[in-house]
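Peer 1: If you scroll down you'll find the structure; I have some questions about it.
The values are calculated or read from the model by the stated rules, or taken from the named source; none is laboratory data. This one's a predicted model, so the numbers in the text were calculated from it and none came from an experiment. Quick reminder, even Gly has a Cβ in these numbers, built from the backbone with ideal geometry, and neighbours come from all protein chains shown.
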Amino acid sequence: MDERTDHPAHPAVSNPLAAGLRGRCPRCGQGRLFSGFLTVRPTCEVCGLDFAFIDSGDGPAFFVMSFSGFVVVAAALITEIMVQPPFWVHAALWLPLILITTLAPLRPSKGLMIALQYRHKAEEGRFGPGDMP
């Protein structure tokens, strides 16, 4: 049986996306996905799903940085045009906002990418016979 298909003792959760956002196993929705801030566990402690298939790469960081960049740059431009504060005010305002808008959504977005990878059975591309690399 494929490791990522439904296990009879642990049926798939109805919404693996919600489980991913909560940092839970995409199959059972109960086990913890992370052992550290962004370190993925080797297996689920509840259903035993092997997390070796996981390769979210830089996708979560890219989306988080894109969102954060848009929010912070837009807010800084609006503030500069309307108020024209000194540079130290910009540093005091935008450095904490950068930290909040990058670190807070990073773990949920990585969990979401992993859940999407599980749900759609995404894996590394392989060349077939006769394909040229």
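Peer 1: Taking G130 as meeting all but one of (1) small (G, A, S); (2) modelled with pLDDT under 95; (3) within 30 Å of P16 (Cα to Cα), write down the number of the exception.
Peer 2: (3)
Peer 1: Follow-up question, since we're still on this one. Can you tell me which residue in segment 71-114 is farthest from A18 (Cα to Cα), limited to those that are in contact with a Gly (Cβ under 9 Å, 6 or more places away or on another chain) and among the small types (G, A, S)?
Peer 2: Of everything passing the filter in segment 71-114, S109 is farthest from A18 (Cα to Cα).
Peer 1: Further question on the same structure: Return the only residue of I114, I100 being within 28 Å of G31 (Cα to Cα), without any contact (Cβ under 8 Å) to a residue 12 or more places away in the chain and not aromatic (F, W, Y).
Peer 2: Answer to the selection: I100.
Peer 1: Can we say G57 is of a type outside the set (A, V, I, L, M), loosely packed, with under 13 Cβ neighbours inside 10 Å and either closer than 20 Å to E123 by Cα or free of Cβ contacts under 8 Å to residues at least 40 places away in the same chain (or both)?
Peer 2: For G57, the condition - of a type outside the set (A, V, I, L, M), loosely packed, with under 13 Cβ neighbours inside 10 Å and either closer than 20 Å to E123 by Cα or free of Cβ contacts under 8 Å to residues at least 40 places away in the same chain (or both) - is met.
Peer 1: Identify the residue in segment 75-128 that is of a type in the set (G, A, S) and farther than 23 Å from G59 by Cβ and, among all such residues, is surrounded by the fewest Cβ atoms within 10 Å (Cβ to Cβ).
Peer 2: G128
Peer 1: Follow-up question, since we're still on this one. Considering only residues that are under 28 Å from V40 (Cα atoms) and free of Cβ contacts under 8 Å to residues at least 12 places away in the same chain, look in segment 62-94 and name the one that is nearest to the chain's Cα centre (by Cα).
Peer 2: The extreme case among them is F62.
Peer 1: Here's a follow-up. Of the residues in segment 42-73, how many are charged (D, E, K, R) and touching a Ser or Thr at 6+ places or on another chain (Cβ under 7 Å)?
Peer 2: 1
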